[in-house]
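Asker: I'd like to ask you about the structure that follows.
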Amino acid sequence: MSSPALASLPVAPPRRPLNLALWLPVTVIVLFVLAAVAAPLIAPYDPNAQNLLGRLKPPGTTSRAFHYWLGSDELGRDLLTRLIHGARVSLAVAFTAALLSGTVGVVLGMLAGYLRGWVEVLVMRVVDIFLSVPAILLAIITVAVLGPGLVNVIVVLALTRWPRYARVAYGQTLSIANTPYVRLATLMGAGPIRILFRHVLPNILGAVIVVATLEFGLMVLFEAGLSFLGLGVQPPTASWGSMLSTGRNYLGNAWWIATFPGMCLFTLVLAINMIGDALRDRFDPRLH
Amino acid sequence: MQGFLLRRLGQVLVTLFGVITLIFFVQRLTGDPTFLLVPETATQADIDALRHTLGLDRPLFVQYLSFLQQIAGFDLGQSVVQNVPVSTIIASRLPYTLQLAAGALTVACGLGIPVGIVLALYRQTAAARMLAGLVFAAQSMPTFWSGIMLIMLFAVTLGWLPPSSVGGFENLIMPSVALGLLSMATFARITRTAILDELTRDYVRSARARGATMGRLLTRHLARNASIPVITVAAIEISNLLAGAVIVETVFAWPGLGQVTVQSILARDFMVVQGVVLMGAFVTIALNLLADILYSAVDPRIRLDGVRR
């Protein structure tokens, strides 16, 4: 039996257990972002400083002015320094490309879903066509035309990766556009721009963020993959993909060159995918 | 059935047409594709001569029509660097890529489907949760890194397998595993979902009530029904494997289409790149169509007009 005095006390909401599946990857990503932003401050050396006497030194060796925590590469550059600067390239490319392709895709998808008619037919047909070419092949042919390089990789990814956003934005807009409040807003004289950005966009943002997270992970992999093939970020700029490609030539005598960039890449992408998974559960369990 | 097939074929034609148009525009992203086809040392006169030979000085619309006509006649053009038809180059490299894709598909299905079944049947156990974690991790593993790690372990350290290039069956193992691991995760996930979906059906409950063992239930009842989504995914995964081969072939110095594509980009042999990409797109479209048709062949409940009885 509870006393009346106790019953009137405010009840503390039940504490939700800390969601490790969300917070662990968030911590990992925050660490990578901090490393990328503060790269020149925390990296021990200059990423392009060579030390030809200290080539291919294993982790923990000291050569002249360098102490190689994670070993050195074929030009005696510090691997740890280059890993930290590589995070910069990876995250900057992935972030910019995801933002660009996301904006293009969401705007086109919303227009197709709201305006219907020929806009819908045109946009969704083009989406189908883009999605029927394997993404990596589309990226490769575009790089072949534009040429390799940091900026071109971003352009290529932005050009080739918008259709998935468009498809999700389109589907979500279709259902939102028919809700009473949107129709009411239309009756009250709101134009399409106002409807889309004030009423539709906030409602589809959840689904878009889920796609954006998964796409962000893919972008990191694509940049690394293109750089690995020699089609992405060009030397001497440090990129995990091109470091892996170098490491492939020294597997017998310098295992660390390929191992550590790969580990960074794997950890980052795994963390991003875990967040994507957790967000998908939270925002829309039916979205796949 | 026929109506559906016709409509679906019509869609395929539109998509094919669209893909060719897309490639035509990508070619012209920098304005003049002639520069993609000449070596860096070419003089202005060389460039002008080639532009005229290839008809690239004609109006854009005329070029587009002749490009369509060329592709419709299965002519992928001529490699400017090697001076042989692109189709010859593709034909000589395709068997290697197919071999690799077949190996990877074997790994992907052979591991993924049993793992998916285990994940579905024993989903409450700690072991299944760990397995699910591994599957999830495999999805985030870049193939070029897992490939390199495999080489380091099995070729460099243990010396069990040859590190790269083609030869016997043992050369195929590591590239197949590296390429197949990613699809393995997809197969495991789809199989798990498919089995879980079927497990809730009435026919499963009544079969169990009659005393059917789990093994009998799996082979006699679940296999056919749960295979429908798996088959659809398989068709799509094959095109992913072919595309993923581009990177894995570079890791293992495997002389397939992927390797020749990357080499052609670096050698500025654009026609070869374009040929491979067009072929990859055609294969993907064909496989998607195949998935749709197979879908109804496995499950007669699904009629091709999209109605599930």
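Asker: How many nm is it between the label spots at B:ALA137 and B:GLU40, if each spot is 7 Å from the Cα in line with the beta carbon?
Answerer: Taking the simple label geometry, B:ALA137 and B:GLU40 are separated by 4.3 nm.
Asker: At each listed q (0.15 Å⁻¹), what is the log10 of I(q)/I(0) that the Debye formula gives for region B:1-149 modelled as equal alpha-carbon point scatterers?
Answerer: -1.01
Asker: Roughly how far apart, in whole Å, are the Cα centres of region A:101-137 and region A:80-96?
Answerer: 30 Å
Asker: So what is the relative contact order for region A:94-167, in percent, with contacts set as C-alpha pairs under 8 Å and at least six apart? Walk me through the numbers before you get to the answer.
Answerer: On the way: 66 pairs, mean separation 40.3, N = 74.
Answer for region A:94-167 is 55 percent.
Asker: Moving to a separate point now. Quick one: dipole size for region B:23-166, taken about the Cα centre, charges +1 on Lys/Arg Cβ and -1 on Asp/Glu Cβ, in debye to the nearest 20.
Answerer: Details: 6 positive and 6 negative charges, 146 e Å.
With Lys and Arg at +1 and Asp and Glu at -1, about 700 debye.
Asker: What is the average number of partner chain Cβ atoms found within 10 Å of a Cβ in B:27-37?
Answerer: On the way: counts 3, 1, 7, 3, 0, 0, 1, 0, 2, 3, 0.
Whole-number average of other-chain Cβ neighbours for B:27-37 is 2.
Asker: If you rank B:MET130, B:MET279 by fewest surrounding Cβ atoms within 10 Å, what's the result? Don't skip to the answer; put the middle values down first.
Answerer: On the way: B:MET130 10, B:MET279 18.
Arranged by neighbour count, lowest to highest, B:MET130, B:MET279 become B:MET130, B:MET279.
Asker: Determine the sum of side-chain charges near A:LEU231: Lys and Arg each +1, Asp and Glu each -1, restricted to other residues whose C-beta is under 15 angstrom from that of A:LEU231.
Answerer: Values: positive: B:ARG268; negative: A:GLU223, B:GLU249, B:ASP269.
Local charge sum for A:LEU231: -2.
Asker: Short version: ³J(HN,Hα) in whole Hz for each residue of region B:132-137, in order, from phi by Karplus 6.51 cos²θ - 1.76 cosθ + 1.60 (θ = phi - 60°), x for Gly and Pro, what are they?
Answerer: In residue order, the calculated couplings are 4, x, 5, 4, 4, 5 Hz.
Asker: Let me ask something additional. Per residue of B:136-143, how many C-beta atoms from partner chains lie within 10 Å of its own C-beta, taken as a mean?
Answerer: On the way: counts 4, 5, 1, 5, 13, 6, 14, 3.
So the per-residue partner count for this stretch is 6.
Asker: For A:MET124, B:MET141, which order do you get if you count the other beta carbons within 10 Å of each Cβ and list the fewest first?
Answerer: Details: A:MET124 18, B:MET141 21.
If I rank by nearby Cβ atoms, fewest first, I get A:MET124, B:MET141.
Asker: Also, I was wondering about something else. With +1 on each Lys and Arg Cβ and -1 on each Asp and Glu Cβ, how big is the dipole of the protein assembly as shown about its Cα centre, in debye rounded to the nearest 20?
Answerer: Numbers: 42 positive and 27 negative charges, 455 e Å.
The calculation lands at about 2180 debye.
Asker: Calculate the dipole size of region B:35-114 relative to its Cα centre from +1 charges on Lys and Arg beta carbons and -1 charges on Asp and Glu beta carbons; express the result in debye to the nearest 20. Walk me through the numbers before you get to the answer.
Answerer: Working: 3 positive and 5 negative charges, 53 e Å.
Roughly 260 debye, rounded to the nearest 20.
Asker: Putting +1 on Lys and Arg Cβ atoms and -1 on Asp and Glu Cβ atoms, find which of B:GLY280, A:LEU111, A:ALA36 reaches farthest to the positive end of the dipole of the protein assembly as shown.
Answerer: A:LEU111
Asker: Here is a follow-up. Normalise the Debye intensity by I(0) for region B:88-203, one equal point scatterer per Cα, no solvent, then take log10 at q = 0.21 Å⁻¹ and round to two decimals.
Answerer: Here the Debye-derived log intensity ratios amount to -1.11.
Asker: Within chain B, which is the longest segment that contains none of the chymotrypsin sites (Phe, Trp or Tyr not before Pro) sitting in a DSSP loop with at most 15 other Cβ atoms within 10 Å? It would help to have the intermediate numbers written out before the result.
Answerer: Working: sites that count: B:PHE74, B:TYR122, B:TRP160.
Looking at chain B, B:161-309 is the longest stretch - no exposed chymotrypsin sites (Phe, Trp or Tyr not before Pro) with at most 15 other Cβ atoms within 10 Å.
Asker: Next question, about the same structure. Can you pull the one-decimal nm distance between simple spin-label points at B:LEU68 and B:PHE17, each 7 Å off the Cα toward Cβ?
Answerer: 0.7 nm
Asker: Taking all pairs of different Cα atoms in the protein assembly as shown, averaging 1/r and flipping that mean, what Kirkwood radius in angstroms comes out? Intermediate values should be presented prior to the final figure.
Answerer: Values: mean 1/r = 0.0375 Å⁻¹.
One over the average 1/r among Cα pairs gives 26.6 Å for the protein assembly as shown.
Asker: Now, a different point. Test of the criteria: in region A:231-288, which trypsin sites (Lys or Arg not before Pro) are in a DSSP loop and have at most 10 other Cβ atoms within 10 angstrom of their Cβ?
Answerer: Values: sites: A:ARG248, A:ARG280, A:ARG282, A:ARG286; in loops: A:ARG286.
Passing both the DSSP loop test and the Cβ count: A:ARG286.
Asker: Along the Cα-to-Cβ line of A:LEU24, 7 Å from the Cα, sits a label point; which residues in region A:257-276 have backbone N less than 18 Å from it?
Answerer: A:263-276
Asker: Once you've got the GNM for chain B with C-alpha springs shorter than 10 Å, pick whichever of B:THR21, B:THR53, B:THR41 has the biggest mean-square fluctuation.
Answerer: It is B:THR41.
Asker: Let me ask something else about it. Kirkwood-based Rg over Rh for region B:158-299 (C-alpha set), two decimals?
Answerer: On the way: Rg = 20.3 Å, Rh = 18.0 Å.
Result: Rg/Rh = 1.13.
Asker: Grab the other residues whose beta carbon is less than 15 angstrom from that of A:ARG183, score K and R as +1, D and E as -1, and report the net.
Answerer: Values: positive: A:ARG116, A:ARG194, A:ARG198; negative: none.
Summing Lys/Arg as +1 and Asp/Glu as -1 gives +3.
Asker: Then there is this: Expressed in nm to one decimal, what extension gain is obtained for the pair B:LEU290 and B:ASP32 from 0.36 nm per residue of sequence separation less their Cα-Cα distance?
Answerer: Value of the extension gain: 89.2 nm.
Asker: Could you let me know the centre-to-centre spacing of region A:224-288 and region B:173-206, using Cα atoms, in angstrom?
Answerer: 26 Å
Asker: Between B:LEU50 and A:ALA92, what is the label-to-label distance in nm when each label sits 7 Å out along the Cα-to-Cβ direction?
Answerer: 3.3 nm
Asker: Check each of the trypsin sites (Lys or Arg not before Pro) in region A:101-200 and keep only those in coil by DSSP with at most 11 other C-beta atoms within 10 angstrom; list them in order.
Answerer: Numbers: sites: A:ARG116, A:ARG125, A:ARG161, A:ARG164, A:ARG167, A:ARG183, A:ARG194, A:ARG198; in loops: A:ARG116, A:ARG161.
Within region A:101-200, no trypsin sites (Lys or Arg not before Pro) qualify (loop, at most 11 other Cβ atoms within 10 Å).
Bear in mind that the values in this text are calculations on the coordinates, not laboratory data. On a predicted model such as this, the values are computed, not experimentally measured, just so you know. Every residue, glycine among them, receives a Cβ derived from its backbone with ideal geometry; neighbour counts consider all protein chains shown.
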